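The values are calculated or read from the model by the stated rules, or taken from the named source; none is laboratory data. As the structure is a computational prediction, the values presented were derived from the model and not from experiment. Counting neighbours? That spans all protein chains shown, and the Cβs are built from the backbone with ideal geometry, glycine included.
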Amino acid sequence: MNACVAKPQKKRIQAVLAHASGDKRFKILEAHMKKHQYRQDALIEVLHKAQELFGYLEDDLLLFVSVKLKLPPSRVYGVATFYHFFQLKPQGEHACVVCMGTACYVKGADKIIDAITAQHKVRPGETSADNRLSLLTARCIGACGIAPAVVYDGTVTPRATPESALEQINQWMKK
Amino acid sequence: MILNDLILLKEKQQAARKKIVLRCCMAAGCMSSDSKGVKERLEKAVADAGLQQEVEVRGVGCMKLCCEGPLVAADPQGALYVRVTAENAPSIVAALNGGRASAGQTDPQAPFFAQQFSIVLANSGVVDPERIESYIAADGYQALHEVLHEMTPKEVVETMVKCGLRGRGGAGFPTGLKWGTVAKSSGTRKYVICNADEGDPGAFMDRSVLESDPHSVLEGMAIAAYAVGADQGFIYVRAEYPLAISRLQVAIKQAKQMGLLGAGIFESPFNFNVDLRIGAGAFVCGEETALMASVEGKRGTPRPRPPFPAESGLFGCPTLLNNVETFANVPTIYRKGADWFAAIGTEKSKGTKVFALAGKIKNTGLLEVPMGTPLRKIVEEMGGGAPDGGAIKAVQTGGPSGGCIPAQHLDTPVDYESLGRLGSIMGSGGMIVMDDSTNMVEIARFFMEFCMDESCGKCIPCRAGTVQMHHLLNKIASRQATPRDLKKLEELCDLVRNTSLCGLGQTAPNPTLSTLRFFRNEYDALLQPDPHGPDRTGHAHKHELATK
């Protein structure tokens with residue numbers, strides 16, 4: 001693949017590989033690729049692992065994956081941007097995910113989002129200016145029996161209200 | 001492993017069964033209300049009371065009444081405790097000897113439980129999903145043994161055709177026909193895929209089945225693989241379901257250790273491996289061709305059919321693709337026989353269906369009923385009607401591909417055809433109840449926004465059409481639309497429905513069309529008079545263009 005890559009990009013790939021050699025996380029990622037025998041159809045599994053290790057998928061990381069799996073960078077970038085689960089920007093210190101499935105929606109999940117947006121000036125999908133809070137929405141986390149559900153840093157909380165959500169976020173902000 | 005080992009293991013499990021079993025729900029819903037803490041405290045309380053010899057504390061899957069979780073059941077006393085906290089645990093153990101429990105109780109004979117008919121959920125809330133022995137004790141893997149040693153693949157397919165099972169993913173395609181087509185396809189390699197990409201917002205049946213009874217899905221897949229001649233299976237599961245993923249990983253590992261997956265299953269020449277593929281949040285991947293693209297590590301975009309996956313699917317090989325619930329039905333069908341299964345349900349829709357009841361309703365949770373059960377029975381009798389004395393306005397089935405069934409049609413029996421006649425679909429089983437405070441135009445807009453965001457962008461009708469329809473619905477909701485806009489919306493719905501490439505686009509207009517059909521007055525109330533007078537023939541519009 002390298003043969004047909006333009007010169008500036010070749011340089012960049014070399015820089016990425018040089019940078020990667022000094023970072024342990026890249027080694028773990030490569031071990032994961034090895035586990036999948038560098039199969040190209042394991043791309044999504046590899047990206048899951050990369051996001052787990054690095055928190056988000058920056059361009060150089062995607063380039064590293066593309067070199068190692070011998071895939072065109074466009075294909076890796078295309079997959080990373082297609083799926084909602086992959087984040088291409090750094091996330092805030094804390095993540096508040098509001099479920100916007102139908103059951104949560106009819107029980108007032110939109111009001112929870114409005115309240116957080118109004119108080120913390122952060123819209124769904126964004127991270128606050130001080131990088132402390134990311135507000136995200138989920139399509140449905142399958143917790144419809146306890147709607148509306150909100151996930152605070154990975155912990156699902158049942159029967160949320162605008163007040164309970166703001167209280168939790170304020171607790172984060174105090175620390 | 002051979003049959004004797006299986007029977008021995010089963011008998012050993014049954015003999016080891018303690019006198020009293022405290023079942024504690026460990027599905028995702030209850031786990032979010034600290035059922036893990038409850039279980040630990042129960043174990044401690046049992047140890048403190050010195051009852052380890054008589055009482056077993058068992059973590060089980062979903063006990064169905066999710067809104068009252070965490071749930072704890074005591075057998076054989078038959079008590080069902082609701083909203084249990086860790087503090088209640090000692091009193092629940094004390095209640096086994098005639099004390100009084102401090103936790104609330106509900107009647108396990110209430111219509112919500114008593115009217116259910118369990119096939120898929122038979123083990124849910126009973127077996128420990130993290131122990132294969134527990135599944136084997138409940139007759140697990142017996143059907144696989146029987147199929148491998150006493151039936152030819154052709155007979156397996158014939159039984160499936162005879163039982164009349166139809167795909168539970170939504171479209172209702174006859175499962176036996178699908179199996180037969182894949183079995184007949186020629187190819188050196190064939191695949192079996194389980195679609196666990198439960199993307200419909202408001203549906204959580206597949207999550208519950210995977211969390212509560214993962215081995216039934218694995219056994220169902222193995223039987224299917226034997227029938228069609230496949231040796232490799234994939235389960236495509238959403239990344240949003242971490243608990244289901246970890247339970248599946250445990251289940252696959254245990255089944256491999258026991259020789260129930262892998263090479264030479266039950267000492268027969270049949271090999272079958274299952275790998276997990278984790279989705280990454282794309283609704284369109286529920287569509288079969290998009291799902292296969294995703295399993296191949298590509299963008300999840302659908303492709304035109306034919307060729308159908310049964311002829312050319314994953315990596316170009318014949319592929320059998322079924323939903324979680326379909327596979328979960330399979331072991332019971334072979335254990336109890338096709339005739340037994342075919343006697344349940346209606347003439348065209350056999351068996352049972354699991355529904356996830358949620359929204360503005362008293363009892364939210366999972367329920368499994370025979371096909372043909374009237375909607376009213378599900379919603380009013382079992383679901384307990386709207387909370388706080390409100391009136392039910394509509395029931396939404398089928399998620400963003402389905403429609404809203406108004407209260408006057410609640411007597412409709414639930415089967416594929418009846419729901420289709422009302423402009424909705426069976427879907428995967430999400431059932432969202434709406435009361436009179438729900439604005440139907442908002443609901444249509446909510447679903448259209450969903451489809452707009454989730455459109456993969458491959459075909460123009462869906463990519464551009466959903467944006468325009470969403471724009472028109474926004475305009476209507478903000479009281480800026482005229483009757484002409486509504487007409488345009490209806491035309492667009494028709495166009496997108498008939499010209500989109502895959503199911504996402506073809507069904508995206510359904511929520512809008514069904515709310516227009518039954519709640520048109522809500523749309524009309526938001527419309528502004530047309531500044532150029534009524535537009536019956538379209539002349540006014542042409543005139544307007546001409547003057548511009």
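For A:Ala143, are the conditions met, namely being within 14 Å of chain B (Cβ to nearest Cβ), at pLDDT 90 or above, under 19 Å from B:Lys360 (Cα atoms) and more than 15 Å from the chain's Cα centre (by Cα)? So A:Ala143 does not fit the description; no.
Residues are listed down the side, and each one gets a yes or a no for (1) more than 11 Å from chain A (Cβ to nearest Cβ); (2) farther than 26 Å from B:Ala143 by Cβ:
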| site | (1), (2) |
| --- | --- |
| B:Ile223 | yes, no |
| B:Ala244 | no, no |
| B:Gln257 | yes, no |
| B:Leu261 | yes, no |
| B:Gly281 | no, yes |
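With respect to the stated conditions, B:Leu320 fails to be part of a loop (DSSP other than H, G, I, E, B) and over 23 Å from A:Lys49 (Cα atoms). Among the candidates B:Ser294, B:Ser268, B:Ser312, the residue that is free of Cβ contacts under 8 Å to residues at least 24 places away in the same chain and among the hydroxyl-bearing types (Ser, Thr, Tyr) is uniquely B:Ser312.
Determine, yes or no, whether B:Asp453 is modelled with pLDDT under 95, surrounded by fewer than 19 Cβ atoms within 10 Å (Cβ to Cβ) and not assigned by TED's automatic domain parsing to the domain that holds B:Lys393. Yes; evaluated as a whole, the condition is true for this residue. If you filter the range A:5-44 down to residues that are crowded, with 19+ Cβ neighbours inside 10 Å and small (Gly, Ala, Ser), you find that the one that is farthest from B:Arg277 (Cα to Cα) is A:Ala20.
In the set (1) within 20 Å of B:Gly286 (Cβ to Cβ); (2) touching a Phe, Trp or Tyr at 6+ places or on another chain (Cβ under 7 Å); (3) assigned to a helix (DSSP H, G or I), B:Gly233 fails one condition alone, (3).
Scanning the range B:381-402 for residues that are outside any helix (DSSP H, G or I), within 13 Å of another protein chain (Cβ to nearest Cβ) and either touching a residue at least 40 places away in the same chain (Cβ under 8 Å) or over 12 Å from B:Ile361 (Cβ atoms) (or both) yields B:Gly383, B:Ala386, B:Gly390, B:Ile392, B:Lys393, B:Ala394, B:Gln396, B:Thr397, B:Gly398, B:Gly402. Checking each residue in the range B:303-312 for being over 23 Å from the mean Cα position of the chain (by Cα) and closer than 17 Å to B:Ala227 by Cα picks out only B:Glu311.
On the stretch given as the range A:146-167, residues that are assigned to a helix (DSSP H, G or I), surrounded by 13 or more Cβ atoms within 10 Å (Cβ to Cβ) and away from chain B (no Cβ under 14 Å) total 3.
Only one entry in A:Leu88, A:Leu61, A:Leu47 is closer than 23 Å to B:Ala290 by Cα and crowded, with 19+ Cβ neighbours inside 10 Å, namely A:Leu47. Looking only at residues in the range A:117-136 that are surrounded by 17 or more Cβ atoms within 10 Å (Cβ to Cβ) and part of a strand (DSSP E or B), the one that is farthest from the other protein chains (Cβ to nearest Cβ) is A:Leu133.
Here is a yes/no grid of residues against (1) over 25 Å from A:Tyr105 (Cβ atoms); (2) hydrophobic (A, V, I, L, M, F, W, C); (3) surrounded by fewer than 17 Cβ atoms within 10 Å (Cβ to Cβ):
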residue: B:Tyr334; (1), (2), (3): yes, no, no
residue: B:Val354; (1), (2), (3): no, yes, no
residue: B:Ile361; (1), (2), (3): no, yes, no
residue: B:Pro370; (1), (2), (3): yes, no, no
residue: B:Pro374; (1), (2), (3): yes, no, yes
residue: B:Glu380; (1), (2), (3): no, no, no
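Matching residues to (1) more than 25 Å from A:Gln91 (Cβ to Cβ); (2) polar (S, T, N, Q); (3) more than 12 Å from chain B (Cβ to nearest Cβ):
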| residue | (1), (2), (3) |
| --- | --- |
| A:Ala20 | no, no, yes |
| A:Gln40 | yes, yes, no |
| A:Glu45 | no, no, no |
| A:Glu52 | no, no, no |
| A:Tyr56 | no, no, yes |
| A:Leu61 | no, no, yes |
| A:Val65 | no, no, no |
| A:Lys70 | yes, no, yes |
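When A:Asp114 is tested against the conditions (1) in contact with a helix residue (DSSP H, G or I) (Cβ under 9 Å, 6 or more places away or on another chain); (2) outside the structural domain of A:Glu167 (by TED's automatic domain parsing); (3) surrounded by fewer than 19 Cβ atoms within 10 Å (Cβ to Cβ), the lone failure is (2). Take the conditions closer than 20 Å to B:Gln254 by Cβ, basic (Lys, Arg), touching a residue at least 40 places away in the same chain (Cβ under 8 Å) and more than 14 Å from chain A (Cβ to nearest Cβ) and apply them to B:Arg166. Does it pass? Judged against the criteria, B:Arg166 is not a match. Among the residues of the range B:404-412, is there at least one that is outside any helix (DSSP H, G or I), away from chain A (no Cβ under 13 Å) and either over 22 Å from the mean Cα position of the chain (by Cα) or more than 23 Å from B:Pro111 (Cα to Cα) (or both)? Yes.
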